[in-house]
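Here's the structure, in structure tokens; my notes come after.
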Amino acid sequence: MDKFDLIVLGGGPGGYLAAERAAHGKLKTLVVEKRAFGGVCLNEGCIPSKSLLYSAKVFDYTKHSEQYGVKCEGSSIDQSAVVARKNKVVKTLVSGVKGALKANGAVMAEGVGKICGREGSDYVVEVDGKKYLGARLLIATGSMPMIPPVKGLDEAIKSGFALTNREILDLEEIPKSLVIVGGGVIGLEMASYFNSVGSQVTIIEMLDHIAGNTDTDMAKILMNNYKKKGISFQLSSKVVEFTRDSVVYEHDGKTVSVPADKVLVSIGRRPVTQDIGLETIGVETERGYIKTDRTGLTNIPNVYAAGDVNGKIMLAHTAYREAEVCVNNMLGKKDVMRYEAIPSVIYTNPEVGSVGETEESARQKGIDYKVSSITMKYSGRYVAENEGGDMDGICKVLVEKKYNRIIGVHMIGNYASEIIWGAGLIVEAQMTVDDIKELVFPHPTVSEIIREAIFQL
């Protein structure tokens with residue numbers, strides 16, 4: 001059997017970056033991927049969805065260009081061309097991932113990997129019948145869509161009536177009506193796209209709000225913006241059945257049927273930890289997720305886990321950093337994972353960016369805080385580049401009273417995705433109000449909104 005210093009199970013964000021970093025650090029590294037290198041994020045999630053959403057944004061510009069003094073008549077969307085461009089983008093980036101792994105000396109194995117136990121101090125991994133030895137393991141097998149046990153759903157998926165995040169990205173015909181089950185990030189982003197390109201979109205959400213743990217004010221503004229664009233919301237509603245051409249849900253004791261051409265089922269994701277051999281070496285799990293400490297280490301020596309499988313914060317950039325922490329500790333460099341200032345973005349139009357504590361989480365933790373919440377109109381560039389309903393954006397800054405430090409930043413509006421990292425740095429560094437007041441922000445930029453919010457305190 002070929003022996004490696006490290007075997008990585010999974011070629012998604014956590015897995016391929018760990019393999020790249022480990023190989024660069026002179027660890028003989030094998031990375032195993034069963035579907036496509038780049039994982040869900042690159043092939044079926046983050047990147048392809050952003051490709052579609054950008055096409056929708058360009059299309060929206062053409063529809064409303066007269067607001068900016070530009071006449072653009074007769075614009076239309078070519079869905080097959082949009083999908084073709086998406087595929088080209090994905091292919092380019094997958095090639096880049098493979099190229100980086102190869103350049104750093106990592107060995108790639110395409111196939112289903114499974115842990116088979118130990119041989120001495122080493123771990124045995126089998127890939128499509130071939131066995132390898134690894135002194136260390138990193139489990140980065142990611143997650144998959146949750147499919148609820150609802151009447152008719154299996155049949156709806158088999159017929160192509162019901163879709164997951166994977167299939168909806170390849171639709172080459174725009175459905176006249178789309179029902180989305182789940183008002184989380186994926187559901188909201190797909191709602192944004194298909195609403196822009198002409199579908200009648202209905203979102204059915206079990207909770208009384210959308211966007212999960214997103215700041216309440218941001219979620220309300222986003223939903224109101226969506227409603228203005230014609231998206232329908234059915235909150236506090238439970239889906240009970242899928243028929244051949246409709247979704248049936250319960251609300252306030254009443255049963256309602258909504259007709260649809262297609263349905264997107266997006267109620268969350270679960271870790272891929274079954275049938276990968278964790279039990280053969282005794283790796284502990286909790287609710288299906290692999291338990292890790294702040295170094296990424298499991299309960300088993302030299303066995304690490306990173307990304308969605310640990311269930312901590314299921315975002316690609318979290319997986320990147322977790323992978324780096326794991327590899328650094330393998331290489332003898334002490335490093336720990338910090339989860340207090342990880343930014344999140346909903347890539348809708350307008351975008352939502354968040355980092356740190358929300359008002360809800362701060363209250364739950366008993367933090368005494370104050371808030372500055374201002375309209376995005378305080379930014380000259382924002383006003384120059386946005387018209388109509390796009391002017392509804394706000395920026396909210398949370399400050400802990402005891403130390404006068406920034407503990408959370410939340411914003412809705414264009415450019416939020418490109419600004420929030422800076423807010424994350426502010427929270428991570430535990431900067432105070434006075435610290436921010438001494439910073440120089442470039443003008444005119446939308447990022448100045450953070451400074452403006454601070455000066456309102």
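Bear in mind that the values in this text are calculations on the coordinates, not laboratory data. Here the structure is a predicted model, which means the values were calculated and not measured. Every residue, glycine among them, receives a Cβ derived from its backbone with ideal geometry; neighbour counts consider all protein chains shown.
Brief remarks follow.
- Computed about its Cα centre, the charge dipole of the chain is approximately 700 debye, with only Lys, Arg, Asp and Glu carrying charge at their Cβ.
- Using a Förster distance of 41 Å, the FRET efficiency for Q364-D275 (Cβ separation, nearest 0.05): 0.65
- 10 Å binning of all Cα-Cα separations within the range 307-349, expressed as whole percents from 0 upward: 27, 47, 20, 5, 1
- Applying the Karplus relation 6.51 cos²θ - 1.76 cosθ + 1.60 with θ = phi - 60° to the range 19-32 yields 3J(HN,Hα) values of 5, 4, 5, 5, 5, 4, x, 6, 8, 5, 10, 10, 10, 10 Hz, where x marks Gly and Pro.
- Semi-axes of the equivalent ellipsoid for the range 248-337, Cα gyration tensor, largest first, Å: 38, 16, 11
- Once backbone amide H atoms are built at 1.01 Å from N, V240 has V248, Y249, E250 as its partners under 5 Å, excluding neighbours fewer than 5 places away on the same chain.
- Taking every alpha-carbon pair under 8 Å whose residues sit at least 6 apart, the chain reaches a relative contact order of 14 percent.
- Computed about the Cα centre, the dipole magnitude for the range 220-311 is approximately 640 debye when only Lys and Arg (+1) and Asp and Glu (-1) carry charge, each at its Cβ.
- Normalised size of the chain, defined as Cα radius of gyration per 2.2 N^0.38 Å with N residues, equals 1.03.
- Here is the list for the range 350-448: GluC sites (Glu not before Pro) lying in DSSP coil, each with at most 11 other C-beta atoms within 10 angstrom of its C-beta, are E438.
- If you plug the beta carbon distance of T295 and E385 into 1/(1 + (r/R0)^6) with R0 = 45 Å, you get a FRET efficiency near 0.55.
- Residues whose amide H lies under 5 Å from that of V201, counting only those 5 or more places away or on a different chain, are L178, S232; hydrogens are built 1.01 Å from N in the peptide plane.
- Mean residue ellipticity at 222 nm, helices only, the chain: -10000 deg cm²/dmol; runs of at least 4 DSSP H residues each add -39,500 (n - 2.57), and the sum is divided by the number of residues.
- Among beta bridges that DSSP assigns inside the chain, antiparallel share in %, nearest 5: 60
- Across every pair of non-identical alpha carbons in the range 200-308, the mean reciprocal distance, once inverted, gives a Kirkwood radius of 17.4 Å.
- Stokes-Einstein diffusion for the range 344-454 at 10 °C, viscosity 1.306 mPa s, with a Kirkwood radius from C-alpha pairs, works out to 114 µm²/s.
- Centre-to-centre, using Cα atoms only, the range 160-232 and the range 342-403 are separated by 22 Å.
- Modelled label positions at C72 and E438, each set 7 Å beyond Cα in the direction of Cβ, lie 4.5 nm from each other.
- Radius of gyration and Dmax over the Cα atoms of the range 153-267, both given in Å: 13.2, 39
- DSSP-loop trypsin sites (Lys or Arg not before Pro) across the range 54-142, with at most 13 other Cβ within 10 angstrom: K71
- Dipole of the chain computed with +1 at Lys/Arg Cβ and -1 at Asp/Glu Cβ about the Cα centre; of M411, W421, L222, farthest Cα towards the positive end is W421.
- Stokes-Einstein diffusion for the range 16-62, with the hydrodynamic radius set to the Kirkwood value over Cα pairs and evaluated at 37 °C in a medium of 0.692 mPa s, equals 254 µm²/s.
- Spread of Cα-to-Cα distances over 10 Å intervals beginning at zero, given as percent, for the range 139-178: 23, 48, 24, 5, 0
- The GluC sites (Glu not before Pro) found in the range 172-256 that occupy coil by DSSP, while having at most 11 further C-beta atoms within 10 Å, are E172, E173.
- Within the chain, the cysteines lacking any other cysteine Cβ closer than 4.7 Å to their own Cβ are C72, C116, C326, C395.
- Rg/Rh for the range 53-204 stands at 1.11; both radii use Cα atoms, and Rh follows the Kirkwood definition.
- Among the listed pairs K377/K437; K176/K254; K26/K334; K229/K396; K86/K227, those beyond 22 Å (Cα-Cα): K176/K254; K229/K396; K86/K227
- Value of D in µm² per second that Stokes-Einstein yields for the range 398-446, Kirkwood Rh from Cα pairs, at 20 °C (1.002 mPa s): 185
- Net charge dipole size for the range 344-454 [Lys, Arg +1 and Asp, Glu -1 on Cβ; Debye, nearest 20]: 380
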